[in-house]
Amino acid sequence: MRVAVIGPTHPYKGGIAQHTTELAHRLAARGHQVAIESWSDQYPARLYPGVQRVAEPEMEPFGQTRYPLSWRRPDGWVRLGRRLRREADAVVLVVVTPIQAPAYLAILAALRGGTGRRRGRGPRVLALCHNVLPHERRAVDEPLVRAVLRRVSAVLVHTPAQAELAATLTPAPVVVAEMAPHLWSSPTRRRPEAIEAGTGAGTRTRAEPTAGGGPRRSLLFFGLVRPYKGLDVLLRALARGPADVRLTVAGEFWGDAAQTTHLIAELGLTDRVDVRAGYVDAAEVPGLFSAADALVLPYRAGTASQNVDLAHLHGLPVIATTVGTLATAVRDGVDGLLVGPDDVDALAAALRRLYEPGVLADLRAKVSPPDPQAAWGNYLDAALGALGGEHRGG
């Protein structure tokens, strides 16, 4: 099957770009003819308060990649839709942000040879929604996303809750597939065919335990810092938790970091919190995780997070809130600890429990690394099934 994947890839950074790239590699490894159609300019810089691109690939780029899309060039949107109408049997539309809805609507109209959904004409289109709607929403977001989802053949989401939300926006079939691992601790360098052979990034690996094996009295908050991720809750819990435990905050801030800096000072945590603001290069990730006892995900809301897999890859337990897939990805009392969202006292109690005698060692001993082969097998089965392509047990 000829499959076009429309979404971000290298040189764009972050998990969605990596997921798009890994998806293309995996589809090609199953024998499909795959191309990524990506963005030369995703959206105006003022809409994303940070660096959008990286110089070095975070994983092996996909060879058949073109960059025909720019937010500045609506004519390019239409040309891509017309070309894919001729060249593709199926299209995977990676839904990142409602800002891109006008471009996607133009592509969909060109794919169908006109306006409206017009079933049976042109390639089948699967909308792959990492988040159906943004965590921090504007009034215009829902109608924009609804307009896109009503014009596709099927929708793929990563949690049942997201499926319920998508079903309120479109009559198209909605498929749920658990997010497959795609974040790794160093740039991958492997041939696409090596994925199915079980080598390279597709192998089930685990980082070596850090030397000494004892507690470092250090925790890690990792990733893009946004209000819904609850860093402020973690800081307040740290102030009430064990007095000798440190925290490293590593990630790019969505907006000004001054509010966080002020809160750290207000709580008397200046000597205990190390803020490493800025995007974390893949080569730096192993050192961050090896220096920590546990990863903390104090999210107020969320759908799915690859950070649990990343922590488990490095042998770390996870302290998380019971939102989205975190409640199932972390096994409370087995390979991590779970608390309710936005609950400072409960999170502080979890921090204290982590450092009770024997608890940390017991949790670490039960951490299992992710199994990307099985996860991606199931993920591709769901995506290809929604597109009407071949199905193979994962």
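Looking only at the range 64-97, count how many residues are of a type outside the set (A, V, I, L, M, F, W, C) and within 23 Å of LEU387 (Cα to Cα).
Taking the range 64-97 as the starting set, the residues that turn out to be of a type outside the set (A, V, I, L, M, F, W, C) are 64-68, 70, 72-76, 79, 81-83, 85-87, 89, 97.
Restricting the remaining residues to those that are within 23 Å of LEU387 (Cα to Cα) gives 64-66, 79, 81-83, 85-87, 89, 97.
Looking only at that region, the number is 12.
Can you find, within the range 1-32, the residue that is surrounded by the most Cβ atoms within 10 Å (Cβ to Cβ) among those that are hydroxyl-bearing (Ser, Thr, Tyr) and more than 19 Å from ALA177 (Cβ to Cβ)? Give the derivation first.
So the first thing to find is which residues in the range 1-32 are hydroxyl-bearing (Ser, Thr, Tyr), and the list is 9, 12, 20-21.
Adding the requirement that they be more than 19 Å from ALA177 (Cβ to Cβ) leaves 9, 12.
Working: THR9: 26, TYR12: 20.
Taking the candidates together, the pick is THR9.
Criterion first (modelled with pLDDT under 85, over 21 Å from the mean Cα position of the chain (by Cα) and within 29 Å of GLN373 (Cα to Cα)) does THR210 satisfy it?
Working: modelled with pLDDT under 85: yes; over 21 Å from the mean Cα position of the chain (by Cα): yes; within 29 Å of GLN373 (Cα to Cα): yes.
Yes.
Would you check if there is a residue in the range 353-375 being in a loop (DSSP other than H, G, I, E, B), farther than 30 Å from ALA127 by Cα and polar (S, T, N, Q)? Can you show your working first?
Kept after step one, since they are in a loop (DSSP other than H, G, I, E, B), are these residues of the range 353-375: 355-358, 366-371.
From what is left, the residues that are farther than 30 Å from ALA127 by Cα are 355-358, 366-368.
Still in the list and also polar (S, T, N, Q): 368.
Looking through the range 353-375, at least one residue is in a loop (DSSP other than H, G, I, E, B), farther than 30 Å from ALA127 by Cα and polar (S, T, N, Q).
Just name the residue that is surrounded by the most Cβ atoms within 10 Å (Cβ to Cβ) out of those in the range 293-333 that are of a type outside the set (S, T, N, Q) and in contact with a His (Cβ under 8 Å, 6 or more places away or on another chain). Break it down into steps so the answer makes sense when it comes.
The first filter runs over the range 293-333 and keeps only residues of a type outside the set (S, T, N, Q), leaving 293-302, 304, 308-320, 323-324, 326-327, 329-333.
Now narrow it down to the ones that are in contact with a His (Cβ under 8 Å, 6 or more places away or on another chain): 301-302, 304, 318.
Details: ALA301: 15, GLY302: 20, ALA304: 20, VAL318: 26.
Among residues in the range 293-333 that are of a type outside the set (S, T, N, Q) and in contact with a His (Cβ under 8 Å, 6 or more places away or on another chain), the one surrounded by the most Cβ atoms within 10 Å (Cβ to Cβ) is VAL318.
For the range 58-164, give me every one of the strands (runs of 3 or more DSSP E) that falls completely inside it and has 1 or more residues that are closer than 26 Å to ALA28 by Cβ and touching a Pro at 6+ places or on another chain (Cβ under 6 Å).
Numbers: elements: 65-70, 90-95, 124-129, 154-157.
Answer list for the range 58-164: 90-95, 154-157.
Counting only residues that are at pLDDT 90 or above and of a type in the set (D, E, K, R), which one in the range 366-393 is nearest to the chain's Cα centre (by Cα)?
ASP381
From TYR279, TYR355, TYR299, which residue is touching a residue at least 40 places away in the same chain (Cβ under 8 Å), touching a Ser or Thr at 6+ places or on another chain (Cβ under 6 Å) and among the hydroxyl-bearing types (Ser, Thr, Tyr)?
Details: TYR279 fails: touching a Ser or Thr at 6+ places or on another chain (Cβ under 6 Å); TYR355 fails: touching a Ser or Thr at 6+ places or on another chain (Cβ under 6 Å).
Answer to the selection: TYR299.
Look at ALA327 and say whether it is in the same structural domain as PHE222 (by TED's automatic domain parsing), out of contact with any Gly (no Cβ under 9 Å at 6 or more places or on another chain) and at pLDDT below 95.
Values: in the same structural domain as PHE222 (by TED's automatic domain parsing): yes; out of contact with any Gly (no Cβ under 9 Å at 6 or more places or on another chain): yes; at pLDDT below 95: yes.
So ALA327 passes the test.
Of all residues in the range 280-307, count the ones that are in contact with a strand residue (DSSP E or B) (Cβ under 7 Å, 6 or more places away or on another chain), farther than 25 Å from ASP244 by Cα and among the aliphatic types (A, V, I, L, M).
1
Can you tell me how many residues within the range 229-243 are over 16 Å from ARG217 (Cβ atoms) and among the aliphatic types (A, V, I, L, M)?
So the count comes out to 3.
Which ones in the range 226-263 are touching a strand residue (DSSP E or B) at 6+ places or on another chain (Cβ under 8 Å), crowded, with 20+ Cβ neighbours inside 10 Å and among the β-branched types (Val, Ile, Thr)?
VAL249 - this is the single residue of the range 226-263 that is touching a strand residue (DSSP E or B) at 6+ places or on another chain (Cβ under 8 Å), crowded, with 20+ Cβ neighbours inside 10 Å and among the β-branched types (Val, Ile, Thr).
Can you tell which of TYR299, TYR279, TYR228 is touching a Gly at 6+ places or on another chain (Cβ under 8 Å) and not in a loop (DSSP other than H, G, I, E, B)? Walk me through it before giving the result.
Values: TYR299 fails: not in a loop (DSSP other than H, G, I, E, B); TYR279 fails: not in a loop (DSSP other than H, G, I, E, B).
The unique qualifying residue is TYR228.
The values are calculated or read from the model by the stated rules, or taken from the named source; none is laboratory data. Here the structure is a predicted model, which means the values were calculated and not measured. Cβ: placed from backbone, ideal geometry, glycine included. Neighbour counts: every protein chain shown.
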